[in-house]
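Undergrad: Can you read through this structure? Questions will come right after.
The values are calculated or read from the model by the stated rules, or taken from the named source; none is laboratory data. Note that the structure is a prediction, hence the values are computed from the model and not measured. Glycine also receives a Cβ, built like all others from the backbone with ideal geometry; neighbour counts cover every protein chain displayed. Each accessible area value is taken on the protein alone, full model and side chains, heavy atoms only, with ligands, DNA and RNA left out. Shrake-Rupley method; radii C 1.70, N 1.55, O 1.52, S 1.80 Å.
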Amino acid sequence: MMRAIWYLCIVAAGVIAAVWLANNPGHMRLQWQGYVVETSVALLIAAFALVAVIAAVLYRIWVALRGVPAYIGRARKEGRRRRGYVALTRGMVAVAAGDAAEARAQGERADGLLGDPSLTMLLSAQAAQLNGDDRAAEKFFQAMLERPEMEFLGLRGLLSQAAHREDPIDALVWARRAYQLQPKSEWLAATLFDLLTGQSLWAEAETVLASAIRNKLFAPVVARRRRAVLGHLLSLQAEASGDNSRALKKAKKAFEAAPDFVPGAVHYGHLLVAANKRRKARTVIEQSWLLQPHGDLAAAYWPAVPAQDALDRMKAAQKLTQANTDHFESRLLLAGQALEAGLWGDARRNLQHLTEASEHSSEPLTVTVCTLMAQLEEQESGDLAAARQWLFRVGGAAADLKWVCRDCGNTARPWTPHCGKCQTFDSFDWSRPLNIPVIPLTSQASQTPVTLEAVIDETASPELAAPDLAALPPGTGSQDIDEKSPGA
Ligand SMILES: [Zn+2]
């Protein structure tokens with residue numbers, strides 16, 4: 001707006017000056033070296049103005065011509081840069097497509113055109129990786145470490161190289177360094193955590209876990225479980241080194257993170273009993289039983305009561321299971337304890353609940369239920385025929401619950417932090433193993449007298465062994481048949 005007004009003012013002034021000059025033309029006479037020039041003042045001013053305009057135009061042309069070489073240089077540079085980026089993009093596409101030769105060619109072209117290693121080094125490294133030239137790739141990744149802006153990319157490349165050649169020691173070195181640079185990277189936190197737990201470096205894994213939780217990198221349920229498992233493992237470590245106070249502190253933290261993590265609760269219970277805190281031990285185990293009933297919890301409960309004999313244990317079992325009496329594991333515990341205490345009525349009542357539940361298919365008939373029924377028939381009334389019938393059913397019964405690896409289906413006893421087969425950390429769930437072999441009952445079997453030993457021999461597969469009645473510690477649940485207490 002101001003500009004327009006200013007422009008109008010100038011035009012108006014010009015018009016006024018022109019009109020005034022037209023009205024007052026005046027007269028100029030110039031005499032020089034014998035020449036005489038006569039003209040009006042207006043024409044003289046117009047001639048001066050024309051000369052000024054021509055001079056200005058010539059000056060502009062001269063300035064423009066002077067800038068041409070620089071302009072041509074800039075245009076050529078821009079062209080190279082554009083072609084360089086096109087080569088870089090094509091190289092990336094070739095990497096994504098797995099075309100090693102094209103990736104290398106475009107990488108070299110981009111490098112020549114752009115002349116900026118920080119842009120092309122990654123492509124060159126990836127092209128080398130695609131070509132299977134690990135040494136060249138490593139050289140590029142190492143070179144990236146020298147440039148602060150590329151250091152993380154270099155570390156990531158070196159980490160992937162180490163993972164590729166299955167070298168967890170080297171991978172851990174690079175992952176630690178990369179994590180210093182990018183502690184908020186989710187995949188990196190997970191990778192570092194896996195590497196640390198894979199090498200049983202529990203304390204450092206706990207530090208990484210704490211930082212990952214602060215940065216909200218793990219889902220809350222995963223974070224709680226991992227905190228519990230690491231706390232439990234650190235507690236075991238502290239106990240082994242004789243530091244009972246630290247062991248108790250870590251076990252408490254583990255329990256608070258996940259009270260349903262049975263190995264942690266069992267170990268915490270043991271430590272509390274050892275520290276003469278029986279009441280607290282009972283509370284811990286009862287709380288855990290409510291969330292995840294498990295025979296190991298019962299075994300840890302007896303010294304916390306303390307229960308001296310079978311009748312004591314039966315009473316303790318009733319107290320432990322009072323909040324979830326109808327749970328499968330509660331019934332199993334009560335039946336076993338009743339058998340041990342010679343309380344046949346209680347044993348039968350609880351076992352009947354389990355066998356009836358299996359008829360309604362809410363819970364399958366398990367090996368331990370069949371075995372306890374056989375034991376009951378034999379011990380209560382000496383009814384060997386009925387006992388034999390139950391032992392026959394062991395072959396077709398469902399396997400007892402076990403620690404089953406959710407990744408590969410491997411089973412463990414007791415719980416261990418790593419699966420012995422696939423090496424996954426914390427992969428064991430308390431569940432029923434799959435692919436249960438069913439033992440066919442042959443006619444030959446029905447003709448020969450059946451003994452407990454014969455049935456046990458027939459089912460003597462490592463994964464599905466029929467329990468030895470004589471060795472069966474009654475009342476501690478299915479898992480006590482073939483498992484020791486974890487964390488012991
Ligand atoms: Zn596994």
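Undergrad: Set the Förster distance to 35 Å, then compute FRET efficiency between K319 and W344 from the Cβ-Cβ distance, nearest 0.05.
TA: Efficiency for this residue pair is about 0.95.
Undergrad: Could you check the simple spin-label distance between Q237 and A275, using points 7 Å along Cα→Cβ, in nm with one decimal?
TA: Placing both labels 7 Å along Cα→Cβ, they lie 1.9 nm apart.
Undergrad: I would also like to ask the following. Could you calculate the contour length gain from D326 to R406, that is, 0.36 nm times the residue separation minus the distance between their Cα atoms, to one decimal place in nm?
TA: 26.1 nm
Undergrad: Which of the three applies to the stretch 235-330, rounded, prolate or oblate, going by the alpha-carbon gyration tensor with a ≥ b ≥ c and a/c under 1.5 meaning rounded?
TA: In terms of gyration-tensor shape, oblate.
Undergrad: Evaluate the distance, in nm, between pseudo-label points positioned 7 Å from the Cα of E146 and of R74 along their respective Cα→Cβ axes.
TA: 3.3
Undergrad: In addition: So for the pair E204, S245, with labels modelled 7 Å out along Cα→Cβ, what separation do we get in nm?
TA: The answer from the label model is 2.8 nm.
Undergrad: Separate question: Compute the signed sum of charges (Lys and Arg +1, Asp and Glu -1) over the other residues within less than 11 Å, Cβ to Cβ, of R104.
TA: Around R104, the surrounding residues sum to -4.
Undergrad: Same structure again: Could you give me the percent of Cα pairs per 20 Å distance bin for the chain, shortest bin first, beginning at zero and ending with the bin that holds the maximum distance?
TA: Binned Cα distances yield the sequence 17, 30, 19, 14, 8, 7, 4, 1.
Undergrad: DSSP beta bridges in the chain, what fraction antiparallel, as a percent rounded to 5?
TA: Percent antiparallel among DSSP bridges in the chain is about 90.
Undergrad: How much net charge surrounds P168 when only the other residues with a Cβ under 13 Å from the Cβ of P168 are counted, with Lys and Arg +1 and Asp and Glu -1?
TA: -2
Undergrad: Ranked highest first by the average count of other Cβ atoms within 10 Å around their residues, in what order do 226-236, 72-82, 399-409 fall?
TA: 226-236, 399-409, 72-82
Undergrad: Kirkwood hydrodynamic radius for the stretch 309-400: how many Å is it when counted over pairs of different Cα atoms?
TA: Final number for the Kirkwood radius of the stretch 309-400 is 13.2 Å.
Undergrad: If one computes P(r) from the Cα atoms of the stretch 98-222, what percent of pairs lie at distances over 20 Å?
TA: Across the stretch 98-222, Cα pairs with separations above 20 Å total 49 percent.
Undergrad: State log₁₀ I(q)/I(0) for the stretch 1-125 at q = 0.15, 0.16, 0.19, 0.22 Å⁻¹ as given by the Debye formula over alpha-carbon point scatterers of equal weight, solvent excluded.
TA: Log-scaled intensity ratios, in q order: -0.88, -0.92, -1.03, -1.15.
Undergrad: Mind putting a number on the dipole of the chain about its Cα centre? Charges go on the C-beta only, +1 for Lys and Arg and -1 for Asp and Glu, and I need it in Debye to the nearest 20.
TA: For the chain, the charge dipole is close to 3620 debye.
Undergrad: Roll a 1.4 angstrom probe over the protein heavy atoms and tell me the percent of accessible area of the stretch 195-261 that is carbon or sulfur.
TA: Reported share for carbon and sulfur atoms: 53 percent.
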